[in-house]
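Trainee: Dropping a structure here in structure tokens format, bear with me for questions.
The values are calculated or read from the model by the stated rules, or taken from the named source; none is laboratory data. All values derive from a computational prediction rather than experimental measurement. Glycine gets a Cβ as well: all are built from the backbone with ideal geometry, and neighbour counts include every protein chain shown. Heavy atoms of the whole protein, side chains included, go into the accessibility calculation; ligands, DNA and RNA do not. Shrake-Rupley method; radii C 1.70, N 1.55, O 1.52, S 1.80 Å.
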Amino acid sequence: MNPVLETRHLTKAFGGLVAVDDVSFQVAPGELLALIGPNGAGKSTCFNMLMGQLKPTGGTVWMKGDNVTGRTPRQIWALGVGRTFQITSTYPSMTVVENVQMALISHHKRVYSVLPFARRLYRDEAIALLDMGGLADQADRHCAVLAYGDLKRLELAIALAHDPFILLMDEPTAGMAPTERVKLMQLTADIVEDRGVSVLFTEHDMDVVFAHAHRIMVLNRGALIAEGSVDDIRGDPHVQEVYLGGGTVFGDTDA
Amino acid sequence: MGFYLAQVLTGLANAGALFMVASGLSLIFGVTRIVNFAHGSFYMIGAYIGYTLMQVLPGAVGFWGAIILAGVAVGLVGLVVEMLVLRPVYKAPELFQLVATFGVILVIQDLALLIWGPEDLLGPRAPGLRGVVRIMGEPIPKYDIALLVITPFVALGLWYLIARTRVGVLVRAATQDREMVGALGVNQAWLFSGVFALGTALAGLGGALQLPKGGADLLMDFNILTSVFVVVVIGGMGSLPGAYLAAVIISVVNVFGVTFLPQSTLVLIFVVMVLVLMIRPFGLFGREEVAGEHGQVGEPETPIHPAGPRVRLLVAVGLVILAMLPLYGSSFSLVLATDILIFCLFAASLHFLLGIGGLVSFGHAAYFGGGAYVAALLVTHANSPMELAFLLAPFGAGLAALIIGWICIRLTGVYFAMLTLAFAQLLWSLVFQWGEVTGGDDGLVNIWPSEWLKASTTFYIFTLIFTVGGILLMRHVAHSPFGYALRAARDSERRAEATGINTKRVRWMAFTLAGVMAGLAGGLFVFSKGSVFPNELEIARSFDALIVVFLGGVKTLAGGVVGGAFFKGVEEILTRFEYWRLALGLLIIFVVIVAPQGIVGTLRNMFRRHVKDET
């Protein structure tokens, strides 16, 4: 099957520091792919290039066969890419359901409409999306008072609003309580199953990764050092060295 | 050759006072994030105090001593102002503090009038520095040479303080991350007070130092304020070398402008500013403000809802009472109500931009005065009928907003505010100096409405329809998808962009709409007064609207209208008294301290608490 997302030799340098170095990978339809690596490995930089927040210094990003390198986050969203952020990003002055309605309004290209009341538009659709994450009973609460775990689930609902073919989730469970983490990833896995969406996510919690990922890629110092099934990665001595301390995170050679 | 050198030297000498005032403003902004509108006032009292001291202290020692003492005295005044007025409101929403500093401007204006009287004071000559020296045949005042020498020393001293001392380390650290500095055990309250005192002392020093060149008068505060804003913005907020370089550029451009283009000196300065900002949006030495760098201050805004039936009924009753005013009110009350309604529409248009869009414009008068001038120019030069001129007023203002907005929305936060101010000043100086077309200072007169609207009653109803219509329209837009998208862009630009909302274009359209509405208010204004003068475009007019919106309540839908009605009303009553500025200034400071959420916001909170207590 054709990959829905592909990078070819993706590279990002900040001055002399090469944060992402010649990274190439593919995401298959319906795949739940984890990108792991120690702090500073380049995961978030990689994500920001996929979504258009950063411009790569080299290499290309392809989505469903189109070269999308250098497009803005807005254009990439319009292709059908949903995004959740490491630190949640919602509209605190709106209610929970209005947060989702806003994404739906944008999806239906009615951002510049001034006649209808926004709160009445696509409300049922928005409630249905919230319901998927178990947030429907909080729909009319003020978004600013939500618990962090609920905000993460709200972001997921927003990201799904335009029926994307792929979700990019940057540390979806960061900052959540352990039981909540498992629940959120279970929810994500269910969505992958039901909707056939692909998911690319970064994560620090190995339990979460090993429990749900179909495939794992390991990034260290900007480069992919391993890739394979859960069992492959678990048994990979090189990965163990990176994670359990071989001192290679910042390397003795160039320290 | 000698002539040009003389020009440059004069420019450099003029840059001295400007640099001191600007560096003070820059320091204060960098550490406390307060845009100190009152900075020009501290400069003014520096001049007055210096003048008084020079009368008392004898000789050369007395002269220079008076200048230094004036700086110290103004620093102490600044310290007191910071502790009494600003300390209680640091936790208020961002930029709210500037309202308090505006109150300080009014108070200082009247106090200076009380103490030193209305006459302009001629500054004494510096002992031993009277007369001129000839450089390549050109006369240069000796005092200019003295200023040329002194300024770099002050600049160097400041640089040493900031770059080499422990105090400087704290100041620079606080400029980057206030919270972290606080977490490391630095007493922020005293750091803020200290920096504010230092900044105002510099302003006072600048004021006293320019005495032999300019003297002291009551208009100094606003006159220097624009130049200082220009300097700080061109140099980059928070940058001392930037402030110095920009002060030199502006002063030299000004001197050459006076010689070669006396008709357009003011325009020239703002053109320079706009050009610099278009190439380097954060000034010559400034750096980008990272969104959210300083954290969200104050409680988050609550979700908005269309008014319920009870509120709608209340508004309808209020409108009926207003519409029947001609039946029971005096003709004076009709004129007053017309004024208030027009001002409310103007304030509401700024509130739309500021409250819903989070875009703080310091130059909204450009579109109010712009609309008024469009109508007045059409009537004067094209003999256009009133109806057409009135319709084209919002159109013309909207066109200006469309063009200016396109440039401004590329910036955010305080840089956006400053650039809007620069454009407003550009427009003002254009109108002020292009006398043949705009009448300059004499304004345009005899701009009366058509026969059927001549009576004050009919014009009042006409105004009521358009102002209320405009306000309700903006309120509805706030509830529409477009209004939501505007709030989305304000709340989280990152999320909005990642869900397909073109935040820049949304802001641009909002800026234009606000301009159209302000232009509508301006069109009504010019026909209600029969004339228009450049002061409808000036910085003080922009500030009026800004103050009213903040005091009414930024984070509420009705803030602009309520604030506008309340303060226009209060102003009408107070201006009958001699020292009305003092009273209004104190009132503003009082409201700022007791109601940091604005009038509407505070009332709402009280109501909610009340409801909670009962249940």
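Trainee: What number of residues within the stretch B:497-554 are more than 14 Å from chain A (Cβ to nearest Cβ) and more than 15 Å from residue B:356 (Cα to Cα)?
Mentor: 31
Trainee: Now for a different question. Tell me, which strands (runs of 3 or more DSSP E) wholly within the stretch A:1-117 include 1 or more residues that are open to solvent by 10 Å² or more (accessible area, probe 1.4 Å) and in contact with an Asp or Glu (Cβ under 7 Å, 6 or more places away or on another chain)?
Mentor: A:5-14, A:17-27, A:58-63
Trainee: State which residue is most open to solvent (accessible area, probe 1.4 Å) when the search covers only the stretch B:144-197 and only residues that are among the small types (Gly, Ala, Ser) and more than 27 Å from the chain's Cα centre (by Cα).
Mentor: Initially, the stretch B:144-197 is screened for residues among the small types (Gly, Ala, Ser), giving B:146, B:155, B:157, B:163, B:168, B:173-174, B:182-183, B:185, B:189, B:193-194, B:197.
With the extra rule that they be more than 27 Å from the chain's Cα centre (by Cα), the set shrinks to B:146, B:157, B:163, B:168, B:173, B:182-183, B:185.
Values: B:146: 19, B:157: 41, B:163: 31, B:168: 0, B:173: 40, B:182: 27, B:183: 82, B:185: 66 Å².
Result: B:183.
Trainee: Sticking with this structure for a sec: What number goes with the only condition from (1) without any contact (Cβ under 8 Å) to a residue 24 or more places away in the chain; (2) not in a helix (DSSP H, G or I) that residue B:555 does not pass?
Mentor: Unmet condition: (1).
Trainee: For the stretch B:219-244, how many residues meet the condition of being buried (at least 20 other Cβ atoms within 10 Å of the Cβ) and farther than 22 Å from residue B:411 by Cα?
Mentor: Looking only at that region, the number is 4.
Trainee: Inspect all residues belonging to the stretch A:9-23 and state whether any of them is away from chain B (no Cβ under 14 Å), charged (D, E, K, R) and in contact with a His (Cβ under 6 Å, 6 or more places away or on another chain). Can you show your working first?
Mentor: Our first condition is that a residue be away from chain B (no Cβ under 14 Å); within the stretch A:9-23, this holds for A:9-23.
Now restrict to residues that are charged (D, E, K, R): A:12, A:21-22.
Okay, now just the ones that are also in contact with a His (Cβ under 6 Å, 6 or more places away or on another chain), so A:22.
Yes, that holds for at least one residue.
Trainee: Would you pick out the residues in the stretch B:464-482 that are surrounded by fewer than 24 Cβ atoms within 10 Å (Cβ to Cβ) and either at the interface with chain A (Cβ under 7 Å from one of its Cβ atoms) or more than 17 Å from residue B:349 (Cα to Cα) (or both)?
Mentor: Passing the criteria: B:477, B:479, B:480, B:482.
Trainee: (1) buried (at least 23 other Cβ atoms within 10 Å of the Cβ); (2) over 21 Å from the mean Cα position of the chain (by Cα); (3) closer than 19 Å to residue B:401 by Cα: which one isn't true of residue B:527, the others all being true?
Mentor: (3) is the only condition that residue B:527 fails.
Trainee: Does any residue of the stretch A:210-224 turn out to be more than 22 Å from residue A:49 (Cβ to Cβ) and free of Cβ contacts under 8 Å to residues at least 40 places away in the same chain?
Mentor: Yes, the stretch A:210-224 has at least one match.
A quick yes/no check of all residues on (1) within 17 Å of residue B:519 (Cβ to Cβ); (2) out of contact with any Ser or Thr (no Cβ under 7 Å at 6 or more places or on another chain); (3) not basic (Lys, Arg):
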residue	(1), (2), (3)
B:400	yes, yes, yes
B:420	yes, no, yes
B:427	yes, yes, yes
B:431	yes, no, yes
B:436	no, yes, yes
B:443	no, no, yes
B:456	no, no, yes
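Trainee: Being crowded, with 24+ Cβ neighbours inside 10 Å and modelled with pLDDT under 95 is true for just one of B:521, B:489. Which residue is that?
Mentor: Exactly one residue qualifies, and that residue is B:489.
Trainee: From the list B:133, B:171, B:149, B:186, which residue is modelled with pLDDT under 90, in a helix (DSSP H, G or I), among the β-branched types (Val, Ile, Thr) and over 30 Å from residue B:539 (Cβ atoms)?
Mentor: B:149
Trainee: Pick out the one residue from B:607, B:577, B:567 that is within 20 Å of the chain's Cα centre (by Cα), open to solvent by 10 Å² or more (accessible area, probe 1.4 Å) and without any contact (Cβ under 8 Å) to a residue 24 or more places away in the chain.
Mentor: Just one listed residue meets the conditions, B:567.
Trainee: Let me confirm something: among B:350, B:354, B:411, which residue is among the hydrophobic types (A, V, I, L, M, F, W, C), closer than 23 Å to residue B:555 by Cα and surrounded by fewer than 21 Cβ atoms within 10 Å (Cβ to Cβ)?
Mentor: Going through B:350, B:354, B:411 in turn, the sole match is B:411.
Trainee: Among the residues of the stretch A:65-107, how many are of a type in the set (Lys, Arg) and either at the interface with chain B (Cβ under 9 Å from one of its Cβ atoms) or more than 20 Å from the chain's Cα centre (by Cα) (or both)?
Mentor: 2
Trainee: Considering only the stretch A:140-231, give the helices (runs of 4 or more DSSP H) lying wholly within it that have at least 1 residues that are under 17 Å from residue A:87 (Cα atoms) and within 14 Å of chain B (Cβ to nearest Cβ).
Mentor: Answer list for the stretch A:140-231: A:148-159.
Trainee: For residue B:200, which of the numbered conditions (1) crowded, with 20+ Cβ neighbours inside 10 Å; (2) outside the structural domain of residue B:37 (by TED's automatic domain parsing); (3) polar (S, T, N, Q) fails to hold?
Mentor: Result: residue B:200 passes all but (2).
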